[in-house]
Amino acid sequence: ETGVTQTPRHLVMGMTNKKSLKCEQHLGHNAMYWYKQSAKKPLELMFVYNFKEQTENNSVPSRFSPECPNSSHLFLHLHTLQPEDSALYLCASSQDSPLLAGVTYEQYFGPGTRLTVT
Amino acid sequence: QQQVKQSPQSLIVQKGGIPIINCAYENTAFDYFPWYQQFPGKGPALLIAIRPDVSEKKEGRFTISFNKSAKQFSLHIMDSQPGDSATYFCAASNISSSNTGKLIFGQGTTLQVKP
């Protein structure tokens with residue numbers, strides 16, 4: 001296990017539903033990320049939180065709403081989604097610091113939530 | 001200019017073969033180039049990474065070759081095994097100017113190693 005957990009692992013929701021994805025990291029990191037992984041497309045960065053502050057919003061539609069209450073937890077609130085939002089949503093975390101000599105910078109990914117919008 | 005182009009999309013090799021996956025980038029500010037490996041049902045995991053001050057890096061059976069002038073880098077898997085069957089992603093980042101090292105990923109290559 002990578003130390004990053006995501007729940008639920010699978011989610012089916014209708015277009016009018018509201019649901020939330022949860023991510024928790026046990027690595028003591030202070031940067032967390034949401035990515036979207038669709039078939040035959042590159043991983044798309046959605047949001048970045050650094051010390052609980054959102055530092056990146058990659059032009060994500062407002063039907064996706066992130067929340068980062070502390071450095072260990074990250075949520076993605078979903079409402080009025082579209083079928084094209086069906087994808088694997090991945091959470092990742094990393095240590096926010098300049099690259100030190102001999103230290104490899106790394107993002108640790110959770111297993112993802114497979115979301116299907118009907 | 002933020003794109004990372006990866007090829008091929010899929011690759012099949014026999015056990016013991018040397019699959020090669022290539023990536024190209026445009027942004028000369030990128031200074032960190034990792035490769036991630038993803039098995040079905042799992043998130044991507046860092047395999048090996050390189051910075052532009054070296055042209056090659058080896059870790060076990062995995063080697064990154066880096067050509068700064070051509071803005072290309074590639075992953076070679078020596079003596080490939082069926083257990084190496086997975087999807088491989090290259091990525092690039094400018095970590096010198098960003099504390100969080102935003103990663104730009106390639107499209108991914110699905111590798112199958114036949115016994």
Legend entry - Selection within segment B:6-39 - within 18 Å of residue B:102 (Cβ to Cβ) and either within 15 Å of the chain's Cα centre (by Cα) or part of a strand (DSSP E or B) (or both): B:6, B:23, B:25, B:30, B:31, B:32, B:33, B:34, B:35, B:36
Legend entry - Options A:50, A:70; residue that is among the polar types (S, T, N, Q) and modelled with pLDDT under 90: A:50
Inset, instruction - Go through (1) facing chain A (nearest Cβ under 8 Å); (2) over 14 Å from the mean Cα position of the chain (by Cα) one by one and return the number of the condition residue B:115 breaks. - result: (1)
Inset, instruction - Could you identify the single residue in B:80, B:65 that is more than 13 Å from every other protein chain (Cβ to nearest Cβ) and over 12 Å from the mean Cα position of the chain (by Cα)? - result: B:80
Inset, instruction - Inspect segment B:11-24 for any residue being under 18 Å from residue A:94 (Cα atoms) and touching a Cys at 6+ places or on another chain (Cβ under 7 Å) and give the result as yes or no. - result: no
Inset, instruction - Tell me which of these residue A:75 doesn't satisfy, since it passes every other one: (1) surrounded by fewer than 21 Cβ atoms within 10 Å (Cβ to Cβ); (2) more than 11 Å from the chain's Cα centre (by Cα). - result: (2)
Legend entry - Whichever residue in segment B:40-51 is surrounded by 15 or more Cβ atoms within 10 Å (Cβ to Cβ) and either outside any strand (DSSP E or B) or over 15 Å from the mean Cα position of the chain (by Cα) (or both) and, among such residues, is nearest to the other protein chains (Cβ to nearest Cβ): B:43
Legend entry - residue A:19 vs. criteria touching a Ser or Thr at 6+ places or on another chain (Cβ under 7 Å), among the charged types (D, E, K, R) and more than 10 Å from chain B (Cβ to nearest Cβ): no
Legend entry - strands (runs of 3 or more DSSP E) completely within segment A:1-112 that count 1 or more residues being among the small types (Gly, Ala, Ser): A:18-25, A:31-37, A:64-70, A:87-94
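The values are calculated or read from the model by the stated rules, or taken from the named source; none is laboratory data. In this text the structure is predicted, and so the values were computed from the model without any measurement. A quick note on method: Cβ atoms are made from the backbone with ideal geometry, for glycine too, and the neighbour counts reach across all protein chains shown.
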